[in-house]
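Chemist: Got a structure here, written out as structure tokens. Questions coming.
The values are calculated or read from the model by the stated rules, or taken from the named source; none is laboratory data. The shown structure was predicted, so the numbers you read here are calculated from the model rather than taken from an experiment. Every residue, glycine as well, gets a Cβ built from its backbone with ideal geometry; the counts of neighbours run over all protein chains shown.
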Amino acid sequence: MRRREFIKVVGGAAVSWPLSAPAQQAIPKVGVLMAGFEGSAENAPRLAAFRKAMADLGWRDGQNVRIEYRWSAGKGELIHQYAKELVASAPDVILANSTPVVAAFNTETASIPVVFALSMDPVGLGQVKSLSRPGGNFTGFTYIDPELIGKWMGLLKDMVPRLTRIALLYNPTTVSAYGTFVPQVQAAHRSGDAELVAMPVRSAGEMEAAINALATRQDSGLLVGPDPFSQVHLKQIVKLTTQSRLPALSVYRPFVTEGGLMMYGPDTADIFRRSAEYVDRILKGAKPAELPVQQPSKYECIINLKTAKSLGLTVPPTLLATADEVIE
């Protein structure tokens, strides 16, 4: 082949070769499904703690990570709808808030890593094999257990010694774990303790009727544990208990700041901060099966003195000494 022809062939081929460009690395995606309302007094500090922790770990939403949020407003149908949507979007990791949300993802994916924040009884519900060795695609941070329910009962009886009957309010369609927890606490019942009774409700109307009926007995008190249903109806619960002069304790901080009597429970903002650390580790290659499920490490107790006085209660000095905050 003549030199001129060779140059022509090579030159023509060069025109047809694609120009190489640096490969663009895909930005990792995190899906977040929350149990309650966006911007609520309970959820705002949780998400603020999660976002700050992610930023401190070097993750900037919209820059080197995409975070997609869904809010179920305590509705079971939305929990399942959004769980399907997030799984279909194929995120690198999912943050699941609350027991029913975790249960929904448990039926949707066996491969996408899921970090749960505030899940009850993940072993009993089959979401992990054990706390120390989760063994699958789920890990995270627990919320309450039967022992904590017993603690609530003790605190409420310390505040109101006359109590002989304490009801635990919950919606069995959103949190089924209470059906297991209540019998466990009842089995540990000792002579002289207040009796724990289950108060399952499935609607706001049922809830109002049940609370009003409970309040007709002066020896009764109420516990409001974690439940998307209770979280959404928290202000109504506060109104019902104060109007009926029913002593009540909740795991939710807004319950007592809105006028409820007492709050005791894990520091949920801290749990969301720690959840960001697990999300970070998974994005960097860690496997959920190798990350042990962790239990709450910080608790807070708040007493509303104004409400106590309106109920004719004198707060024992020992109880005041254990409170992290007193609302006057």
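Chemist: For the list (1) touching a Phe, Trp or Tyr at 6+ places or on another chain (Cβ under 8 Å); (2) surrounded by fewer than 15 Cβ atoms within 10 Å (Cβ to Cβ), I need the number of the one condition that V293 fails.
Modeler: (2)
Chemist: Looking at (1) among the β-branched types (V, I, T); (2) in a helix (DSSP H, G or I); (3) crowded, with 24+ Cβ neighbours inside 10 Å, can you tell me which one I303 breaks?
Modeler: (2)
Chemist: Looking at the range 79-93, can you tell me whether even one residue there is assigned to a strand (DSSP E or B) and within 16 Å of the chain's Cα centre (by Cα)?
Modeler: Just the residues of the range 79-93 that are assigned to a strand (DSSP E or B), to begin with: 93.
Narrowing further to those that are within 16 Å of the chain's Cα centre (by Cα): none.
No, there is no match, as no residue in the range 79-93 is assigned to a strand (DSSP E or B) and within 16 Å of the chain's Cα centre (by Cα).
Chemist: Moving to a separate point now. From the set of residues in the range 107-142 that are in contact with an Asp or Glu (Cβ under 9 Å, 6 or more places away or on another chain) and in a loop (DSSP other than H, G, I, E, B), which is farthest from Q186 (Cα to Cα)?
Modeler: Checked the range 107-142; the qualifying residue farthest from Q186 (Cα to Cα) is I112.
Chemist: Have a look at R46, R70, R4 and point out the one that is of a type outside the set (A, V, I, L, M, F, W, C), in a helix (DSSP H, G or I), on the phi < 0 side of the Ramachandran plot and at pLDDT 90 or above. It would help to see each step written out before you state the result.
Modeler: Details: R70 fails: in a helix (DSSP H, G or I); R4 fails: at pLDDT 90 or above.
Answer to the selection: R46.
Chemist: Considering the range 122-134 alone, what residues qualify as being at pLDDT below 95 and over 15 Å from L95 (Cβ atoms)?
Modeler: Result: V123, G124, L125, G126.
Chemist: Can you go through T174, T139 and tell me which one is among the β-branched types (V, I, T), surrounded by 16 or more Cβ atoms within 10 Å (Cβ to Cβ) and not assigned by TED's automatic domain parsing to the domain that holds K309?
Modeler: T139
Chemist: Please enumerate the residues belonging to the range 205-240 that are assigned to a helix (DSSP H, G or I), under 21 Å from the mean Cα position of the chain (by Cα) and either among the small types (G, A, S) or not assigned by TED's automatic domain parsing to the domain that holds P161 (or both).
Modeler: Of the residues in the range 205-240, the ones assigned to a helix (DSSP H, G or I) are 205-215, 228-232, 234-240.
Checking which are under 21 Å from the mean Cα position of the chain (by Cα) leaves us with 228-232, 234-238.
Listed by number, the list holds a single entry, S230.
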